[in-house]
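A short write-up of the structure that comes next.
The values are calculated or read from the model by the stated rules, or taken from the named source; none is laboratory data. In this text, all values refer to a predicted model and were calculated from it rather than measured experimentally. Backbone-built Cβ (ideal geometry, glycine too); neighbour counts: all protein chains shown. Just so you know, the surface numbers come from the protein's heavy atoms only, side chains and all, with ligands and any DNA or RNA stripped out. Shrake-Rupley method; radii C 1.70, N 1.55, O 1.52, S 1.80 Å.
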Amino acid sequence: MSDIDLHDLSRCYGRAFSGCELVVPGVNRTYRLAAGDDVYYLRLYRPLGRSPAEIAFELRLLREVRPMPGIDVARPVRTVDGADCARVAFGGLDRAACVFQALDGRPVTDHPDDVTLFGAALAKLHGALAGIDGGGVRPLNPEALCVRAAAALMSVPGSEAVRRAIDHCRAELFGDPAPHDLPSGNCHGDAWSANAVVQGNTVGFLDFDDCGYGPYLLDLGTAAWHLVSREQSRAGALIVALLAGYETGRVLSGAERRALPGYVKLAEIRALLCLAEFCTLADGLWPRVLDRATTLLERELTI
């Protein structure tokens, strides 16, 4: 039995939703919806930490992304009243919710050809998102993210070492001399293989919940961090493939190349921030998470 009122949701969107399956029980709950032969996805936004203005920008970004060969995005569906979001009762709270079109395709693998294709598509996505004004509601300021993560972790017992490592990374990234005026624009915010599908030579991107305006290295660093975390023995070769694909669309500057290892570490810091602010880990899991993060942040990364 679904914990979503499908009758009310069907009325709201003018579609006869007949099935609802929870697929991601995370901070934002995601459901797969069936309406006849059509498939959609429903996201229940977290009750805290995402303002109406931030949600509105995410959905506008997805509606205004310029069509471009080689990329696609999971576009939002308006309600019958033309609204961006519906309000859905869950757990005694009235939460913002949005229905998205499903993207057909296969998963992105860690084969070098797929990683190269993903990198090329990411550069195209950055171009397709350029110029869409967010009104400053979603800044992805790397230094501010480091400060915020260290502050959030203060309530986590045993986090002293990782907080020192975060401060050291922040000093390395933004001390003197520091790379300034890195190429920036609208970013996906959580660009990695699980948030994309492949259909032929096209990559479809989904889950823009963390999108915002910041250095494009935020997305490249996130993609590279996932490769480092999952494919340690092959990470170097796969990151070469990622960057080779990306540079078919936009050549990285020397400053970006030098700063990239720091942005890989920034992805680890952002993951810690999410865990500290929005997720409840069992006490026994925190030491393992903190040790792993400290090890990565203290490593000398060569890319």
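Before moving on, here are some points about what is shown:
- Taking every protein chain into account, the accessible area of segment 127-193 amounts to 49 square angstrom per residue (probe 1.4 Å).
- From the alpha carbon centroid of segment 182-208 to that of segment 29-73 is 13 Å.
- Using the Stokes-Einstein relation with a Kirkwood hydrodynamic radius computed over Cα pairs, the translational diffusion coefficient of segment 238-299 at 20 °C and a viscosity of 1.002 mPa s comes to 156 µm²/s.
- Test item: Cα-centred dipole of segment 151-214, Lys/Arg +1 and Asp/Glu -1 on Cβ, debye: 120 debye
- 16 Å cut-off, amide nitrogen to a point 7 angstrom out along residue 154 Cα→Cβ, residues in segment 271-292: 273, 276-277
- The portion of the accessible surface of segment 137-282 made up by carbon and sulfur, rounded to a whole percent, is 55 (1.4 Å probe; DNA, RNA and ligands excluded).
- Stretch gain in nm, segment residue 147-residue 164, where the contour uses 0.36 nm per residue and the Cα spacing is subtracted: 5.0 nm
- Mean accessible surface per residue for segment 254-298, computed with a 1.4 Å probe while every protein chain stays in place, in Å²: 47 Å²
- Sorting the Cα pairs of segment 131-216 by distance into bins of 10 Å, from 0 upward, gives 14, 33, 34, 15, 3 percent per bin.
- Each Lys or Arg adds one and each Asp or Glu subtracts one; over the other residues with Cβ under 12 Å from the Cβ of residue 292, this totals -1.
- Once the Cα-Cα distance is subtracted from the 0.36 nm per residue extended length, the residue 258 to residue 94 segment shows a gain of 54.5 nm.
- Bridge type composition, the chain - antiparallel percent by DSSP, nearest 5: 90 percent
- Net +/- balance of residues flanking residue 120 in space, Cβ distance below 12 Å, scoring K and R +1, D and E -1: -1
- Taking a quarter of the surface of the Cα convex hull of segment 171-303 gives a mean projected area of 9.2 nm².
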